[in-house]
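Take a look at the structure below.
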């Protein structure tokens, strides 16, 4: 249990430093590396008619840095 | 009891206090499409003007070419924008086997949704009216003809269509439209988008890589009233009784994200329709959070 706690703490601490630098991708990666169960990661594939490459989209269990917008029911 | 009612019974009817975050810069903020709009990026004035112009053509809440079509059952010549938006909505109906259809307006009125939200709902008694077959709509040249008794509501499909179209007016690597929670974003850097919790608990956060993304959220606890809400299930002609109370879909194209969110509400088992070009996050009425996995199954998020 303590090992899990330390691992989480290290990961989230690293994430916090990235957040302070405004490095969103690094912060998200750090959170994911710290505890894969707290962040859901999914690769979104390119579609045939759009010039997008497969991308990693992540869902964090709580906001980790400044959001550009909030999506909600309207 | 509908899922939305179960949720209200548990959490109370008071709306959640959303944690608003708006982008910095010279964003344009205004009310349109029945919601609050944010347009941000070079060309924002042009995009905002286009949005208002399209709303004036496609709204059902004040006299417009769409209401003229609904009143008379046909319109010729119809504005090309109405033809294009309706053509798109019919393609969505085909894509979803009629589950996401623009033909539910009579049933929506029966359920109580007559006027622009948040007007007081006015539900009617008796059986809900029929939902016309979308395949009966005829678009020939510059004219549109509806099946007998049919009326059109472009709803969320129309809103996402408008937002995507206006987004094309925005230049530069950083651009953004928030149409009441339906978001189109382009950025050279990773972007965070919060997903508001349906009952006001702490939000989740999406982390999107650099690029262009559409994020759509739909649910049954917004624009809802005791015994009803705005999402009509065309199979029952009544407000949908759903497993999820809120769904957020991510896709490079907001229009597809909107369809996927609606489809996840109306038919969450239809995983094949989602493909791998999207990510979908859903909330149940008891607060359970789910994500559609790459294998098409729903997993805890």
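Expected output is a single nm value to one decimal: the length gained when fully extending between residue B:62 and residue B:138, i.e. 0.36 nm times separation in residues minus the C-alpha distance. What is it?
On the way: separation 76, 0.36 × 76 = 27.36 nm, distance 2.38 nm.
Computed gain between residue B:62 and residue B:138 is 25.0 nm.
Would you calculate the separation in nanometres between label points at residue B:71 and residue B:119, each defined as 7 Å from the Cα along the Cα-to-beta-carbon direction?
1.5 nm
Return the distance in nm (one decimal) between the two label points of a simple spin-label model at residue B:52 and residue B:28, each offset 7 Å from Cα along Cα→Cβ.
So the label points at residue B:52 and residue B:28 sit 0.8 nm apart.
Pick from B:57, B:152, B:232: which is most flexible by mean-square fluctuation in a GNM of chain B where alpha carbon atoms under 10 Å apart are linked?
B:57
Report the calculated FRET efficiency for residue A:66 and residue B:201 (r = Cβ-Cβ distance, R0 = 25 Å), to the nearest 0.05.
Details: r = 20 Å, r/R0 = 0.79.
Calculated transfer efficiency: 0.80.
Can you pull the percent of Cα pairs in chain B with separation above 34 Å? Please report the intermediate quantities before stating the final value.
Working: 7903 of 45150 pairs.
The calculated P(r) of chain B puts 18 percent of pairs beyond 34 Å.
Evaluate E = 1/(1 + (r/R0)^6) for residue B:45 and residue B:91, where r is the Cβ-Cβ distance and R0 equals 25 Å; express this FRET efficiency to the nearest 0.05.
Numbers: r = 31 Å, r/R0 = 1.23.
Rounded to the nearest 0.05, the efficiency is 0.20.
Using the 10 angstrom Cβ neighbour count as an exposure proxy, how do B:28, A:66, A:72, B:291 rank, fewest first?
On the way: B:28 16, A:66 13, A:72 25, B:291 20.
Lowest to highest Cβ neighbour count: A:66, B:28, B:291, A:72.
For the range B:107-131 and the range B:191-253, compute the distance between their C-alpha centroids and round to whole Å.
21 Å
If you average the sequence gap of Cα pairs under 8 Å that are 6 or more apart and divide by the length of chain B, what percent do you get for the contact order? List each step's numbers first, then the result.
Values: 580 pairs, mean separation 55.3, N = 301.
Worked out over chain B, it gives 18 percent.
Among B:115, B:243, rank each residue by its count of other Cβ atoms within 10 Å, from fewest to most, as a rough exposure measure. All intermediate terms of the calculation are to be shown ahead of the outcome.
Numbers: B:115 14, B:243 19.
Ascending Cβ contact count within 10 Å gives the list B:115, B:243.
Neighbouring Cβ atoms within 10 Å as the yardstick, rank B:76, B:125, A:74 fewest first. Mind showing how you got there, number by number?
Values: B:76 12, B:125 5, A:74 22.
Neighbour counts put them in this order, fewest first: B:125, B:76, A:74.
Each reported figure results from applying straightforward, stated rules to the coordinates on display, with no laboratory input. Small disclaimer: the values here were computed from a predicted structure and weren't measured. For neighbour counting, all protein chains shown are included, and Cβ atoms are generated from backbone atoms with ideal geometry for every residue, glycine included.
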